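Step one of this worksheet: look at the structure below.
The values are calculated or read from the model by the stated rules, or taken from the named source; none is laboratory data. This is a predicted model, so every value here is computed, not measured. All Cβ positions, glycine included, derive from the backbone under ideal geometry; neighbour counts span all protein chains shown. Remember, those area values only see protein heavy atoms, side chains included, never the ligands or the DNA or RNA. Shrake-Rupley method; radii C 1.70, N 1.55, O 1.52, S 1.80 Å.
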There are 2 protein chains.
Amino acid sequence: MQLENSTSYTMSSNEIEEKTLELRKIKGEELHGMDIEELQKLEKVLEVGLSRVLETKGERFLDEITVLQRKGAQLMAENQ
Amino acid sequence: MQLENSTSYTMSSNEIEEKTLELRKIKGEELHGMDIEELQKLEKVLEVGLSRVLETKGERFLDEITVLQRKGAQLMAENQ
C-alpha cells in the first residue's frame, strides 16, 4: 500500500475541487452566482486562450504548407 | 491524522495532473505538441465557453436594468 501523508492528500482533494470548478466555469458550465465583473474576467481568460489557440493553429497550417512546398520543389527538381 | 486509502490518493494525483494540463491547454499556455485537429477541438470548447459567458453576462445586464427600471418607476410613483 502506497500512502502519502494526510496533508498532501487534503491539499490534493481541495486542488481537484478548485480546478474542477475553474474548468467548469471556463467551459461555461457553472456560471450561476457569478457577477458581471467575474464574468468579464472569465471572458478575458477565454479570449486570451482562444487567440493563442488560433495563433498556434495558424503556425501549424504554415508548417504544413512549408512541408508541402518543399516536397513540391523536390518533385519538380527530380522531374527535370 | 485523516487518511484516505491509497487508491483514492493515486486517482486524485492523476486527476490533478489531468485537470491542470486541461486548464493550461484551455488557457493557451501549453499548446506545443498539439496538432491541428486537437487545436480545433480546443477552439470549439473555448468558443462554446465564451458564448455561454457572454450570454450570462447579457442576462446579468438585463437583470440590472430591470432592477433600475423598477426603482425608477417606484421613485416616480412616490413623487406623484
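Taking Cβ atoms as reference points and 15 Å as the exclusive limit, the residues near residue B:39 contribute a net charge of -4, counting Lys and Arg as +1 and Asp and Glu as -1. Distances between equivalent label points of residue A:76 across the copies, with each point positioned 7 Å along Cα→Cβ, amount to 7.3 nm, shortest listed first. Label-point spacing at residue B:54 relative to the other copies reads 1.1 nm, in ascending order, each point sitting 7 Å out from Cα along Cα→Cβ.
Interface size between chain A and chain B, please: total buried accessible area, 1.4 Å probe, rounded to the nearest 100 Å². Buried area (both sides, nearest 100 Å²): 3900 Å². Legend: residue pairs A:71/B:27; A:71/B:25; A:25/B:41; A:25/B:71; A:44/B:44, Cα-Cα distance threshold 27 Å; pairs beyond threshold, A:71/B:27; A:71/B:25; A:25/B:71. Just want the answer: with Cβ charges of +1 for Lys and Arg and -1 for Asp and Glu, which residue in A:42, A:66, A:56 is farthest toward the dipole's positive end in segment A:34-80? Ranked along the dipole, the leading option is A:66. Per atom type, the protein assembly as shown shows carbon and sulfur on 53% of its accessible surface, probed at 1.4 Å. Label-point spacing for residue B:29 across the identical copies (point 7 Å from Cα in the Cβ direction), in nm and ascending order: 2.0.
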